[in-house]
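Data block below; observations after.
The values are calculated or read from the model by the stated rules, or taken from the named source; none is laboratory data. Note that this is a predicted model, so its numbers are computed, not measured. Don't worry about glycine lacking a Cβ; one is built from the backbone with ideal geometry, like all the others, and counts go over all protein chains shown. For accessibility, only protein heavy atoms count, side chains too; no ligands or nucleic acids. Shrake-Rupley method; radii C 1.70, N 1.55, O 1.52, S 1.80 Å.
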Amino acid sequence: MVRDIVIYPDKRLKQISKEVTAFDSELHDLLDDMYDTMVSKSGVGLAAIQIGVAKRALIINLPDDDNEDEIQVKEDTLEIINPVFIKKEGSCKHQEGCLSIPKVYEDIVRAEHVILEYQDRHGKKHTIDDNEFLAIALQHEIDHLDGKVFIEKLSFMKRKKFEKEWKKRFK
Ligand code: CO
């Protein structure tokens, strides 16, 4: 089921999400709704708080390089529960966007390589060791679990410019 996306500067986006302790059908429904919502907006990542649920859960579905049409396949969706970074190193800059701040794209500096431990929807533990796009997407989504959005990483002047333009959009 597609749910409403929480839009910046809604205070819920500042909430620190809570660890998931029950890997039950409620969690599975949440993950399925997150997928439906993300795909309905052509997004590549979504944290639970973006549909108003303060749980440490996120999904990522990056377009497949081998797939010319860049079709998103549900089976390729990474479902990440209770993530913890084991390592973050290097630095890289890429353009990011966010379904909670639609149509805003900015260059953001993040770690280039990450190692992450997490649980899947059944509570089983896994490790991801990856670079560039997946590493960036993971850092962006995990920031949401900690109440942060990507525009907070902008320089003071760029942030000011963003806030001014954002306010204009809602007049
Ligand atoms: Co986002």
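Data for the structure
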{"read-out": "Separation between Cα centres of segment 1-49 and segment 100-147, rounded to whole Å", "value": "14 Å"}
{"read-out": "Whole-Hz couplings from phi, Karplus 6.51/-1.76/1.60, listed for segment 45-57; x for Gly and Pro", "value": "x, 7, 9, 4, 5, 6, 10, x, 10, 8, 10, 7, 9"}
{"read-out": "Probe 1.4 Å, protein heavy atoms only - accessible area per residue of segment 46-171 in square angstrom", "value": "56 Å²"}
{"read-out": "Heavy-atom SASA rank of Arg56, Arg3 (probe 1.4 Å, accessible area, largest first)", "value": "Arg3, Arg56"}
{"read-out": "Cα-Cα over 21 Å, subset of Lys55/Lys93; Lys11/Lys93; Lys55/Lys171; Lys93/Lys167; Lys93/Lys153", "value": "Lys55/Lys93; Lys11/Lys93; Lys55/Lys171; Lys93/Lys167"}
{"read-out": "The chain: most fluctuating residue of Glu75, Glu26, Glu152 per GNM, C-alpha cutoff 10 Å", "value": "Glu75"}
{"read-out": "Largest-first ordering by accessible area, 1.4 Å probe, given options Thr21, Thr127", "value": "Thr21, Thr127"}
{"read-out": "Å³ per residue enclosed by the Cα convex hull of the chain", "value": "123 Å³"}
{"read-out": "Packing-based ranking, highest mean first, of 84-90, 136-142, 114-120 given that Cβ atoms within 10 Å are counted", "value": "136-142, 114-120, 84-90"}
{"read-out": "Simple label model, 7 Å out from Cα along Cβ direction - Tyr8 to Met157, nm", "value": "1.9 nm"}
{"read-out": "Mean separation of Cα contacts under 8 Å, 6 or more apart, over the residue count of the chain: relative contact order %", "value": "22 percent"}
{"read-out": "Using alpha-carbon coordinates, inclination of helix 156-169 to the longest axis of the chain, degrees", "value": "90 degrees"}
{"read-out": "In degrees, nearest ten, helix 132-145 long axis to first principal axis of the chain (Cα)", "value": "80 degrees"}
{"read-out": "Mean residue ellipticity (222 nm) of the chain, computed from DSSP H runs ≥ 4 via -39,500 (n - 2.57), nearest 500", "value": "-8500 deg cm²/dmol"}
{"read-out": "Share of carbon and sulfur in the accessible heavy-atom surface of the chain [1.4 Å probe, %]", "value": "49 percent"}
{"read-out": "Choice from Ala22, Ala47, Ala135 with maximal GNM fluctuation in the chain (Cα, 10 Å cutoff)", "value": "Ala22"}
{"read-out": "In Å², nearest 10: area of Arg121 left accessible to a 1.4 Å probe", "value": "50 Å²"}
{"read-out": "0 to 90° range, to nearest 10: angle between helix 25-40 axis and the chain longest Cα axis", "value": "40 degrees"}
{"read-out": "Solvent-accessible area of Phe156 with every protein chain in place, 1.4 Å probe, in Å² to the nearest 10", "value": "150 Å²"}
{"read-out": "For the chain, built as a Gaussian network whose Cα springs stay under 10 Å, the top-fluctuating residue of Asn82, Asn61, Asn131", "value": "Asn131"}
